[in-house]
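> Take this structure, written in structure tokens, and hold onto it; I'll ask about it next.
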Amino acid sequence: MERKNEKIILFPHTKERLVEEGIKALQAKRYQEALRFFHKAEQLGEHRFHVKLSIVVCFCELGEFSEAERRCRMLLQENEEDAEILQMYLSILMQLRRYEQAETVIRQALHRRSLPAAVREHLLRLLHFSRQMAERRLPSAEQDGVQQLLSSSDITEHMRVIKQLENEDITPILFILKQYLLDKENNPITKTMVLRLLTLKNVSDVVTVEKFGQTMDVIPAKLNERSQTTFALNVLQQLENKLASKNPSLYEVAVDIWLRYTYMLYPFSPAPALLDEWMAALHLAACQFQGMPATAEKIARMYHVQAQDIDFLCQKLCEAEEISYF
């Protein structure tokens, strides 16, 4: 049967629905599925900027950096003044270890007078790094390491890589580290390690940290860990007065639980900020960990708080303990 002259009839708003489904899949981190939706929309003539950018993100997340590079290069050609696209493109080139190409792109960008001062400074640092890597012509240890952050689910490996980065120039991979802090799948302990790394490196960019369903924008260079943990330190001081002399071993267990919890939570503070309730919850959690007979009601009376309140906080501590023993 001859079908050459048949026309495909599309339902109204087909492209829009495909893009909408693609964005939902992307937000849910179903990158392969998102890519299928975006590709179908492309075939129907969808060429808007945010869709093209979403496709680049999908390819990056799937580790297909060659295709991500090709598409991001085209986006950059269409949006030469977009500093974020420029930095994304350079990050992809770093992933591919195309240091000479990155150097060329940076030099071209530096000729633009409209470039913001902060971006210009970042590019100059990146240029220095690219030169070093191009001259070395050896596999970059830090690039290999960061690839582990992207592809491995081994938390111990993540910790090793983050520790190694303390002695490396993290400028080329800052984009990746920012993504790491925002990714809900990553362990809150290693996120704290990354945030401390950015503070150590005096990073002045705004980064968004996600932990336990909450997000916070911070500037690592301006973080003061002691001031951020004032409430946590106050809990420790009061707990020492209440428990240390009566039961030193129980106090030590409670301190260990609290330090792990607040480290995991950083830069967030324990909430609600109720001193007596947290002390009671720590007392109860320490008893449970040591197998000591204790009830929420009995400990609540010791601290003059409500049993249901310390039960709720104790549950938080126990859930955090399960994560910390990965």
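> Open to solvent by 30 Å² or more (accessible area, probe 1.4 Å) and farther than 17 Å from LYS242 by Cβ, is that true of ARG301?
Taking the combined requirement at face value, the residue does not satisfy it.
> Let me ask another. Would you mind listing the helices (runs of 4 or more DSSP H) fully within region 237-326 where at least 3 residues are under 28 Å from LEU195 (Cβ atoms)?
248-265, 275-289, 307-324
Residue-wise test of (1) open to solvent by less than 20 Å² (accessible area, probe 1.4 Å); (2) of a type outside the set (A, V, I, L, M); (3) under 14 Å from the mean Cα position of the chain (by Cα).
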residue	(1), (2), (3)
LEU181	yes, no, yes
LYS184	no, yes, yes
VAL218	yes, no, yes
GLU225	no, yes, no
ASN234	no, yes, no
LEU239	yes, no, no
PRO248	no, yes, no
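> Taking into account only those residues within region 132-177 that are open to solvent by 50 Å² or more (accessible area, probe 1.4 Å), in contact with a Phe, Trp or Tyr (Cβ under 9 Å, 6 or more places away or on another chain) and modelled with pLDDT of 75 or more, which is nearest to THR190 (Cα to Cα)?
Step by step, filter region 132-177, then rank; the result is THR156.
> Is region 186-204 home to any residue that is of a type in the set (Gly, Ala, Ser), surrounded by fewer than 19 Cβ atoms within 10 Å (Cβ to Cβ) and at pLDDT 80 or above?
yes
> Let me ask another. Among the residues of region 45-63, which ones are at pLDDT below 90 and surrounded by 15 or more Cβ atoms within 10 Å (Cβ to Cβ)?
Correct list: GLU46, CYS60, GLU61.
> So, in region 99-117, of the ones that are without any contact (Cβ under 8 Å) to a residue 24 or more places away in the chain and open to solvent by 30 Å² or more (accessible area, probe 1.4 Å), which residue ends up nearest to LEU76 (Cα to Cα)?
If we take residues in region 99-117 being without any contact (Cβ under 8 Å) to a residue 24 or more places away in the chain and open to solvent by 30 Å² or more (accessible area, probe 1.4 Å), then GLN108 is nearest to LEU76 (Cα to Cα).
> For ARG196, work out the one condition from (1) under 19 Å from MET159 (Cα atoms); (2) assigned to a loop (DSSP other than H, G, I, E, B); (3) among the basic types (Lys, Arg) it doesn't fulfil.
Single failed check for ARG196: (2).
The values are calculated or read from the model by the stated rules, or taken from the named source; none is laboratory data. No experiment lies behind these values; they were computed from the predicted model shown. Using ideal geometry, Cβ is built from the backbone for each residue, glycine included, and neighbour counts are taken over all protein chains shown. For the accessible areas, the whole protein counts, side chains as well, though only heavy atoms, and no ligand, DNA or RNA atoms are used. Shrake-Rupley method; radii C 1.70, N 1.55, O 1.52, S 1.80 Å.
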